[in-house]
Structures are given as C-alpha cells and as structure tokens.
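Read the structure below first, then the notes.
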Amino acid sequence: SVLTVLKANSEKYNIKNVLIMVDGEGSLASTDDKERNQTVENHFKWVDAAKFLGCHSIRVNAHGEGSAEEVAISAIDGLNKLSEYAEKHGVNVLVENHGGYTSNGAWLADVIKRVGKSNCGTLPDFGNFCQTIGYGSINDVNCKDPYDIYKGLSELMPYAKAVSAKSYDFDESGNQPKIDYLKMMKIVKGAGYTGFVGVEYEGSNVSEEKGIKLTRDLLLKVAKELSE
C-alpha cells in the first residue's frame with residue numbers, strides 16, 4: 001500500500017513522520033448530527049495512518065455554521081468522539097486556527113478546554129487569524145478583521161502539541177513584514193513548548209523551495225537571538 005511504501009522510504013532516508021494534516025473530510029463542528037458523526041468517522045483512517053507511520057498527531061479543522069456557542073458545542077462533541085478513538089491508538093487530535101471561529105484564539109482555546117482530553121490540543125498557525133477569510137489568511141487583501149496574532153498565539157499555546165511558522169513575504173533583512181517572528185517565538189518558548197516548529201510558506205514572490213528555506217533561516221536567526 002501507499003502507507004507501506006511511505007513508511008519504508010521514511011526509514012530508508014531517516015525521515016521522522018510527526019503529523020498528518022487532514023483537510024476535506026467534512027466539518028467536525030457541523031451542527032447537523034449526522035454530518036458531524038460522518039466527519040468523525042471519515043477521520044478514523046487518518047488516525048490509523050498516523051499510528052502506522054509513527055506520527056504523534058493528526059491536524060484537523062473544527063468548522064461549522066451557526067452561532068459561536070452552537071458551533072462550540074458541536075466542535076466539543078465532534079472532537080470528543082474523534083479524540084476517544086485516537087486515544088486508543090496513542091494519537092493526538094490537534095485543531096488549527098484556520099478561519100471562521102477557529103481564528104478567534106479565545107474561542108478555540110475555550111473549546112479545547114471544554115473537550116478536556118489530554119490528547120486533544122491545538123496547532124497554532126502564525127498567520128491564520130482572519131475570521132472572515134476561508135482558511136483565515138491575514139495576508140488576504142480582503143481580510144478586514146484580523147484577530148491579534150500575538151494574543152491568539154498566547155491563548156492557543158497552552159494546548160499546543162505542534163506549531164506552524166507561517167510566512168508570506170520577506171523584507172531585505174529576511175523578516176516577515178506582517179509577523180514579528182521574534183515576538184511570536186518568544187511566546188512559543190515562553191509557553192514551555194519544546195516540539196517541532198513546522199515551516200509553511202504561503203507567498204508568491206519567491207519559489208516554494210526558496211520560501212521554505214528563507215522561513216527556516218528566519219527561524220534559526222530568531223532562535224539564536226532568543227538563546228543569547
């Protein structure tokens with residue numbers, strides 16, 4: 001199978017599999033019980049895949065339509081059911097701030113707190129804090145209501161088991177004009193986080209490969225400043 005090949009290649013090239021990001025499997029916070037339960041089941045195969053590949057987590061979305069509290073109640077139910085299944089396999093279920101209510105740090109932190117399971121946490125993304133844009137990009141020209149990214153990260157870090165360093169554009173010093181990486185990484189470090197920091201480049205001014213390398217370089221530069 002594809003997973004067997006992937007696992008074999010990972011071992012061959014000494015690659016550590018950490019996390020699977022899952023999109024397109026439905027709304028875990030749908031207020032429609034049938035749809036939500038189906039979505040939970042749709043994620044089971046990804047939990048199994050994560051376990052097989054040696055990943056500690058799957059990253060999910062907690063989207064739904066309705067009032068903030070209606071969607072929160074649905075998210076808590078969906079996440080509880082999925083986390084229960086994942087718990088048996090030693091896998092974490094992490095919610096990313098990814099548009100809608102999930103881009104509101106306080107809302108998402110409250111949901112995770114109310115789920116109350118040790119294997120249900122967050123994957124804070126540095127940039128997805130716009131509540132009215134599809135997947136929450138603060139870089140979208142139509143983003144009129146960005147949530148405070150520093151406040152949002154601070155709210156999500158206590159529950160974080162993964163972190164995504166998002167980048168868009170680089171100025172001449174290699175910094176992100178919209179995101180103060182030093183300030184963000186201070187929050188990450190201050191929360192006692194010692195896991196991996198994923199690199200996610202979402203810009204268009206340099207190639208994907210170059211963007212990834214520049215983001216990595218920025219993280220290393222900031223890490224050096226933090227350790228001085």
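The values are calculated or read from the model by the stated rules, or taken from the named source; none is laboratory data. Just so it is clear, the model here is predicted, and its values are computed rather than measured. When we count neighbours, we look across all protein chains shown, and the Cβ atoms used for this are built from the backbone with ideal geometry, even at glycine. In case anyone asks, the SASA skips ligands and DNA or RNA and just uses the protein heavy atoms, side chains included. Shrake-Rupley method; radii C 1.70, N 1.55, O 1.52, S 1.80 Å.
When all protein chains stay in place and ligands, DNA and RNA are ignored, the 1.4 Å accessible-area order of 151, 224, largest first, is 224, 151. When the P(r) is computed for the chain, the part past 22 Å accounts for 52% of the Cα-Cα pairs.
Filter the cross-link list 16/189; 45/161; 81/186 down to pairs whose alpha-carbon distance in this structure exceeds 31 Å. Display every interim value, and only then the final one.
On the way: 16/189 22 Å; 45/161 21 Å; 81/186 34 Å.
In this structure, 81/186 exceed 31 Å between Cα atoms.
Computed over neighbours whose Cβ is under 12 Å from that of residue 186, the net charge equals 0, Lys and Arg +1, Asp and Glu -1. Here the simple spin-label model places points 7 Å from the Cα toward Cβ, and for residue 227 and residue 151 these points are separated by 3.4 nm. Per-residue ellipticity at 222 nm from helix content only, as computed over the chain with -39500 (n - 2.57) for each DSSP H run of at least four residues, stands at -14500 deg cm²/dmol. Using the alpha carbons alone, the radius of gyration of the range 81-121 stands to its Kirkwood radius in an Rg to Rh ratio of 1.01. Per residue, the Cα convex hull of the range 1-124 amounts to 96 Å³.
Of 45, 144, 161, which has the most accessible area with a 1.4 Å probe, and how do the rest follow in descending order?
Details: 45 105, 144 160, 161 70 Å².
Ranked list, largest accessible area first: 144, 45, 161.
Counting only cysteine Cβ atoms and a cutoff under 4.7 Å, the chain contains unmatched residues 55, 120.
Between residue 92 and 57, 58, the built amide H atoms are under 5 Å apart, and every one of these is 5 or more places off in sequence or on another chain. Computed log10 I(q)/I(0) for the range 162-228 at 0.21, 0.24 Å⁻¹: -0.84, -1.08, from the Debye equation with unit scatterers placed on every C-alpha and solvent omitted. Sparse packing (at most 10 other Cβ atoms within 10 Å of the Cβ) combined with a DSSP loop state is found for the following GluC sites (Glu not before Pro) in the range 78-180: 172.
Stretched out straight at 0.36 nm per residue, the stretch from residue 178 to residue 16 would grow longer than its current Cα-Cα span by 55.2 nm. Under 1.5 on a/c is rounded, so check that first for the range 94-228, then, if it is not, pick prolate when a/b is larger than b/c and oblate when it is not; a ≥ b ≥ c are the square roots of the alpha carbon gyration tensor eigenvalues. Oblate. Rg over Rh of the range 1-52, using C-alpha atoms and the Kirkwood radius, what does it come to? Computed over Cα atoms, the ratio is 1.13.
Is any helix in the chain, taking whole DSSP H runs, at least 18 angstrom long along its axis by alpha carbon and on average at least -0.5 on the Kyte-Doolittle scale, and which ones?
Details: long enough: 33-53 (31 Å, -1.15); 68-88 (30 Å, -0.20); 208-227 (29 Å, -0.32).
Span-like helices in the chain: 68-88, 208-227.
A full extension of the chain between residue 144 and residue 189 corresponds to an added length of 13.3 nm, given 0.36 nm per residue minus the alpha carbon distance. Descending by average beta-carbon neighbour count within 10 Å, the peptides 109-115, 163-169 line up as 163-169, 109-115, the highest first.
Computed with the Debye formula from one identical point scatterer per Cα of the range 95-152, without solvent, the log10 of I(q)/I(0) at q = 0.28 Å⁻¹ comes to -1.05.
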